[in-house]
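Presented below is the structure to which this report refers.
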2 protein chains.
Amino acid sequence: MNEKMYGLGSARSVIREIFEYGKARKAEIGDENVFDFSLGNPSVPAPLCVKETLCDLLETKDPVSLHGYTSAQGDAEVRKKISQFIEKEYNSENTPVSSPDLIYLTSGAAAALTCTLTAILNKGDEVLALAPFFPEYRVFVERTGASLVTVPCKSGSMRPDLDLIEDAINEKTAAIIINSPNNPTGVVYPEEDIIGLSKLLSKASESIGHPIYLIADEPYRELVYGDCFVSYIPNYYENTVVCYSLSKSLSLPGERIGYVSVSPRTKDAQKLYLALCGAGRALGFVCATSLFQYMMASLLGKTSDVSAYEENRDILCSALAEYGFSVTKPDGAFYLFVKSPISDAKKFCEKAKEYELLLVPSDSFGVEGYIRISYCVKKEQIERSLPAFKALAEHYRKGE
Amino acid sequence: MNEKMYGLGSARSVIREIFEYGKARKAEIGDENVFDFSLGNPSVPAPLCVKETLCDLLETKDPVSLHGYTSAQGDAEVRKKISQFIEKEYNSENTPVSSPDLIYLTSGAAAALTCTLTAILNKGDEVLALAPFFPEYRVFVERTGASLVTVPCKSGSMRPDLDLIEDAINEKTAAIIINSPNNPTGVVYPEEDIIGLSKLLSKASESIGHPIYLIADEPYRELVYGDCFVSYIPNYYENTVVCYSLSKSLSLPGERIGYVSVSPRTKDAQKLYLALCGAGRALGFVCATSLFQYMMASLLGKTSDVSAYEENRDILCSALAEYGFSVTKPDGAFYLFVKSPISDAKKFCEKAKEYELLLVPSDSFGVEGYIRISYCVKKEQIERSLPAFKALAEHYRKGE
């Protein structure tokens, strides 16, 4: 048996652990009395167009082609539509930032990442991740035999620290993962950061003699509030691979549908794409679910009602600030990253449990002293939880 | 970039190569004039209950739970129903051969195999496969750092050769893959072979000091004709892991839904199951598509109209025998494995192309001198192809 895999399967992630505790606690004292902010499972339902499109496909399309194998990289027509959509929505220049022949449909963003990393990495390579980061990055990278090198973001703003990134690059650096809008901070990296990072990576690639691939993990692309601008990184940096998913934007996390788009400006783009096809084959992904491939092609640009998350964010941010928590209002995703009033965030989360508040300590995201609040919950849960947050704040004020 | 993955992505499988040739040729001379027997893509449509169940789920189930994340191993209720079904249909003894807590839902049989192999194997391990075998076994095994050891079946019957299997086992042997009903031969291993193999493996496991896991790859379980009996291997051999899929039985190959069932009689079953969960996590499968998980729970035991394949088999077997081909009528799956009239099967398949017959040479399945005919096509294609088969046979008769 493989002991590493046993380790990964038996050590449940911290987030899952809290979620399971919450389920048990809800059974004890009632669902409405436990304030579970642990999981990033969207509470806003998929929009009606999802049901309509799926039913329409089932009613009208020949079942043999609807449910049959597509090409391993995804149906050609679907890939064409995705590429057209990307060009129309995101391309700010004259040369294309996508191609139907460089798009590879996947079972969600996790598969997009594992296929991309498997295509790129060799044993001994290094991949940079900006802390705090989604904990599974480490699992995905280390499975390939490469190592994850964490580079802290600027404390406070949680924006990339270009000097630290530059310091971390060496000849072994094969890739950097960027996740904006970010899980767990909700921060959207401003365009100036993307421009700075692109220049840095271009220079560094040249100096180390091979491209540093930028892997843009973008499941939260559409989840931004106000007039926030999300840079489409292939416009700025040539060696970019975009990993995308409908899990969050259309509230379909269980359906596992997404894609990888290799920028045509990438060095050896065609070769990388073939390596991606090889990786998907070796990992056992055959093709992305055909029904959801066809659905995706019909619903490009559609999202769930994102305004519900914005309302949650506003209520929570105002209240937490009022109670004395140190919180910056993020522009995207559905996470708040709040400074723990004590340095030991795990201890703080244990205390919060006494108030039935289930929060995730930042340690698992690669930084200390913060907690993550997933606010993709029903508004009522936010409202009902406020007295608990207030009491928790008071506990620490009194303690001081 | 990873050169191995590039190799896997750029070297298209022989089967895909023939299939692509067929598409181009059809565009030239018309669909009805090319007799493509290359792919195992079911031509019998999914039964109506598939559409009905999916529409019903979409109409009645709350979208947040229908499309939300399930547990990584699959929804608990779905796993319970699968286990109950297995016990009812296949258990011939008193102790259970399945458990809801040892079932892991996957994106089809390919994912079931890659997760299982990743859970079991360490670098340097050996896995036995009985030739001829599904070519992707080699890709899946070698990706883990283990090696595939091929053991030929008995020529003619294409049944397992127990003596050769015994000879192939050594201390490095970690697993054996069994695929009955078989791709590419259509052979269903008789119960006496399973009993003999089980005894052999039990003895060998004891002698080498660790269990040899039997991986039963069963996507064709329900595709059998007449009163053919398919042994459920966990009834015979304790260390069995069953990999199952709805791709063929319900004609849903593009939807990627299946499961792994670890037999509770397996040594360290719980530990193996956790390693499986770890493998799924590391490879990026999050959970099997939730919509299809729920559908599966409602449709256990349902199949497409398998009698259409039986009819195809009968027409083709009679005709080929009449034309002088050496063909044994197989009991299952939808493949005929026919002896090539010349020793070079590739050359024979090239000649067959001149008659617009697209057949797969056996070399890619690990044996020489045969061709595989996938007869999961429309009956009309079989009927229209017969004169071509006859002319091909005559060509070789004349040549003698």
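Structure values in brief
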quantity: All lysines inside 19 Å of A:Lys398 as judged from Cα atoms, apart from same-chain residues fewer than 8 positions distant; calculated: A:Lys339, A:Lys347, A:Lys351, A:Lys353, A:Lys390
quantity: Histogram of C-alpha separations across the range A:66-298, 10 Å bin width, %; calculated: 8, 35, 39, 16, 2, 0
quantity: With Cα atoms, 0 to 90° folded angle of helix B:379-399 axis to chain B main axis; calculated: 60 degrees
quantity: Solution diffusion estimate, µm²/s, Stokes-Einstein, the protein assembly as shown, Kirkwood Rh from C-alpha pairs, 10 °C, viscosity 1.306 mPa s; calculated: 57 µm²/s
quantity: Label spacing, shortest first and in nm, from A:Gln270 to its equivalents in the remaining copies (7 angstrom along Cα→Cβ); calculated: 5.5
quantity: Contact order normalised by residue count of chain A, Cα under 8 Å, 6+ apart, percent; calculated: 23 percent
quantity: For B:Ser180, residues with placed amide H under 5 Å, excluding near neighbours; calculated: B:Asp217
quantity: Nearest-first distances (nm) between copies at A:Gly30, label 7 Å from Cα via Cβ; calculated: 7.4
quantity: Amide H contacts of A:Cys153 (H built 1.01 Å from N, under 5 Å, at least 5 apart or other chain); calculated: A:Ala131
quantity: Ranked list, fewest to most other Cβ atoms within 10 Å of each Cβ, for A:Ile15, B:Ile194, B:Ile208, A:Ile176; calculated: B:Ile208, A:Ile15, B:Ile194, A:Ile176
quantity: Label-point gap, in nm, between B:Cys228 and B:Ser92 - each point 7 angstrom along Cα→Cβ; calculated: 1.7 nm
quantity: In degrees, nearest ten, helix B:345-354 long axis to first principal axis of chain B (Cα); calculated: 60 degrees
quantity: Three-way shape call for the range A:1-73 based on the alpha-carbon gyration tensor, with the a/c threshold at 1.5; calculated: oblate
quantity: Entries of B:Lys154/B:Lys271; A:Lys61/B:Lys248; A:Lys199/A:Lys329; A:Lys379/B:Lys81; A:Lys81/B:Lys23; A:Lys271/B:Lys346 with Cα pairs more than 24 Å apart; calculated: B:Lys154/B:Lys271; A:Lys199/A:Lys329; A:Lys379/B:Lys81; A:Lys271/B:Lys346
quantity: R0 of 51 Å, Cβ-Cβ distance A:Leu300-B:Lys154: FRET efficiency to nearest 0.05; calculated: 0.40
quantity: ³J(HN,Hα), Karplus 6.51/-1.76/1.60, whole Hz, each residue of the range B:278-293, x for Gly, Pro; calculated: x, 5, x, 5, 5, 7, x, 8, 4, 7, 5, 3, 5, 4, 6, 4
quantity: Rg/Rh for chain B, where both radii come from Cα atoms and Rh is the Kirkwood radius; calculated: 0.97
quantity: For the range B:21-164, fraction of C-alpha pairs farther apart than 18 Å, in %; calculated: 77 percent
quantity: B:Ser147 long-range amide H proximity, modeled H, under 5 Å; calculated: B:Gly124, B:Asp125, B:Glu126, B:Val127
quantity: Calculated from backbone phi, Karplus (6.51, -1.76, 1.60) coupling profile of the range B:69-78 in Hz, x at Gly/Pro; calculated: 4, 9, 3, 4, 7, x, 4, 4, 5, 4
quantity: Folded to 0 to 90 degrees: helix A:48-60 orientation relative to chain A principal axis, Cα; calculated: 40 degrees
quantity: Fewest-first ranking of B:Phe19, B:Phe140, A:Phe229, using other Cβ atoms within 10 Å as the exposure measure; calculated: A:Phe229, B:Phe19, B:Phe140
quantity: Shortest-first distances to equivalent copies, position B:Lys154, nm, label 7 Å out along Cβ; calculated: 7.6
quantity: Phi-based couplings in Hz for the range A:125-139 (Karplus 6.51, -1.76, 1.60; Gly and Pro marked x); calculated: 5, 10, 10, 8, 10, 8, 7, x, 9, 4, x, 5, 3, 4, 4
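Values quoted throughout were computed directly from the atomic coordinates according to the rules given, and no laboratory measurement underlies them. Since the structure is predicted, the reported quantities are computational estimates derived from the model, not experimental observations. All Cβ positions, even for glycine, are placed from backbone atoms using ideal geometry, and neighbour counts span all protein chains on display.
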